Amino acid sequence: IAKRRPLKTNLALPRSPADTETCIRVYSINMRLANIYIDGIAKLCVKAKSGYVDIATALSNPSLSELGAFLASGKDTQARAAELADEQGTPYAQSDFAPLIGSRSRILCIGLNYSAHAFQWGNREAPKWPEVFIRHLNTVVGPYANLIKPALSYKFNFEGELGLVLGKGGRFIKASKAAESVAGLTVINDATARDWQRASSQWTCGRLFAISKAKANFW
């Protein structure tokens, strides 16, 4: 986590420190996934022995270019995709990596969700309920892209976060069953305009500046 300090106006923050070649566990299958721009279109790819393999092209199913469709495709299709990891793929430049989330994704964020972090904020006791807020898709960039400091903010900070990717939905899910809905994990470099965040009792204003969140691919 970077040291929190005011940054100069229009200063581009460091790129996401997270490695894009990380692993997503899809149900009982381990694989590494990335979203990569191929001919100008973001496509879901699996990490191979060398480089990456375009899943939709390899399995002759165009719908598998998008993460949501892939997670909904079922265990058999996902197992076939995992087998592509044994092939020789295509190498790509860092600039080719795109955000892994799709147009139908939602980003729900939880803050102060463990006591040690709450105490870092100066709280004398852990909150009884965590802070919950959202992020819009236009605040997310690829794992190697720069975060752009908003010109209206003088307290733009960034920190490492752990993201959970839900593979299936539901309601009234028992705590003992919650892990069954998690498709994988991702590392996030989360940036916040602290001055905007703390100007209100709600955190949303400080979290929705465009391209202020760098998202890695799954592990």
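See the values below:
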{"quantity": "Of all residues making up the range 49-76, the number that are surrounded by 14 or more Cβ atoms within 10 Å (Cβ to Cβ), over 19 Å from the mean Cα position of the chain (by Cα) and farther than 15 Å from D96 by Cβ", "calculated": "7"}
{"quantity": "Test set (1) modelled with pLDDT of 85 or more; (2) open to solvent by 40 Å² or more (accessible area, probe 1.4 Å) - A145 fails condition number", "calculated": "(2)"}
{"quantity": "Lone unmet requirement of (1) part of a helix (DSSP H, G or I); (2) at positive phi for F70", "calculated": "(2)"}
{"quantity": "Sole residue being modelled with pLDDT of 85 or more, open to solvent by 30 Å² or more (accessible area, probe 1.4 Å), under 23 Å from the mean Cα position of the chain (by Cα) and among the aliphatic types (A, V, I, L, M), chosen from A98, A82, A93", "calculated": "A93"}
{"quantity": "Qualifying residue in the range 193-212 (condition: at pLDDT 85 or above and on the phi > 0 side of the Ramachandran plot)", "calculated": "no"}
{"quantity": "Every residue from the range 128-142 that is closer than 16 Å to R198 by Cβ and open to solvent by less than 60 Å² (accessible area, probe 1.4 Å)", "calculated": "F133"}
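The values are calculated or read from the model by the stated rules, or taken from the named source; none is laboratory data. Here the structure is a predicted model, which means the values were calculated and not measured. Heads up, the Cβs are rebuilt from the backbone with ideal geometry, glycines too, and the neighbour counts pull from every protein chain shown. Side chains are part of the model used for accessible areas, which takes the heavy atoms of the whole protein and leaves out ligands, DNA and RNA. Shrake-Rupley method; radii C 1.70, N 1.55, O 1.52, S 1.80 Å.
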